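The values are calculated or read from the model by the stated rules, or taken from the named source; none is laboratory data. Note that the structure is a prediction, hence the values are computed from the model and not measured. Virtual Cβ from ideal backbone geometry, glycine too; neighbours counted across all protein chains shown. The accessibility values were calculated without ligands, DNA or RNA, using every heavy atom of the protein model including side chains. Shrake-Rupley method; radii C 1.70, N 1.55, O 1.52, S 1.80 Å.
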Amino acid sequence: MDMVARLVDEKPLVIFSKSSCCMSHSIKTLLYDFGANPTVYELDQMPNGQQIERALLQLGCRPSVPAVFIGQQFIGGTNTVMSLHMQNKLVPLLMRAKAIWIWNNK
């Protein structure tokens, strides 16, 4: 878990992903569409990816990817991020963490 904490430290938006995961792709696309520039860790392309994935599972992220951290806080996976988005709570979280600066919802 310390490894995950080090990877998200001082970054406003972090996504743990796998390059072959369609749900990870969807979450990354959603966040990019808000103008965010997340730090993305593709676990299947990292030498210690399996170790990080085990740590994410210990944090309660099931499935392990995508795992989204906003403002160094574990938010959750696809269901949680999409729920926050549908409740209009995702953008305020991103703005508070300074992951996005402005949002014009036209």
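Quick grid of which residues meet (1) open to solvent by less than 50 Å² (accessible area, probe 1.4 Å); (2) closer than 19 Å to Met3 by Cβ; (3) in a strand (DSSP E or B); (4) touching a helix residue (DSSP H, G or I) at 6+ places or on another chain (Cβ under 6 Å):
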| site | (1), (2), (3), (4) |
| --- | --- |
| Ser20 | no, no, no, no |
| Tyr32 | no, no, no, no |
| Gln51 | no, yes, no, no |
| Arg54 | no, yes, no, no |
| Leu57 | no, yes, no, no |
| Val68 | yes, yes, yes, yes |
| Leu84 | yes, no, no, yes |
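What do you reckon, is Lys98 within 19 Å of Glu10 (Cα to Cα) and either at pLDDT below 95 or out of contact with any Cys (no Cβ under 8 Å at 6 or more places or on another chain) (or both)? Spelling it out, Lys98 is indeed within 19 Å of Glu10 (Cα to Cα) and either at pLDDT below 95 or out of contact with any Cys (no Cβ under 8 Å at 6 or more places or on another chain) (or both). The sole residue among Asn79, Asn88 that is free of Cβ contacts under 8 Å to residues at least 12 places away in the same chain and either in contact with a strand residue (DSSP E or B) (Cβ under 8 Å, 6 or more places away or on another chain) or not in a helix (DSSP H, G or I) (or both) is Asn88.
Take region 1-17 and flag every residue that is without any contact (Cβ under 8 Å) to a residue 60 or more places away in the chain and either closer than 24 Å to Met86 by Cα or among the polar types (S, T, N, Q) (or both). Selection gives Val14, Ile15, Phe16, Ser17. Gln73 - would you say it is within 19 Å of Pro12 (Cβ to Cβ) and either open to solvent by 30 Å² or more (accessible area, probe 1.4 Å) or in contact with a helix residue (DSSP H, G or I) (Cβ under 6 Å, 6 or more places away or on another chain) (or both)? Yes: the conditions hold for Gln73.
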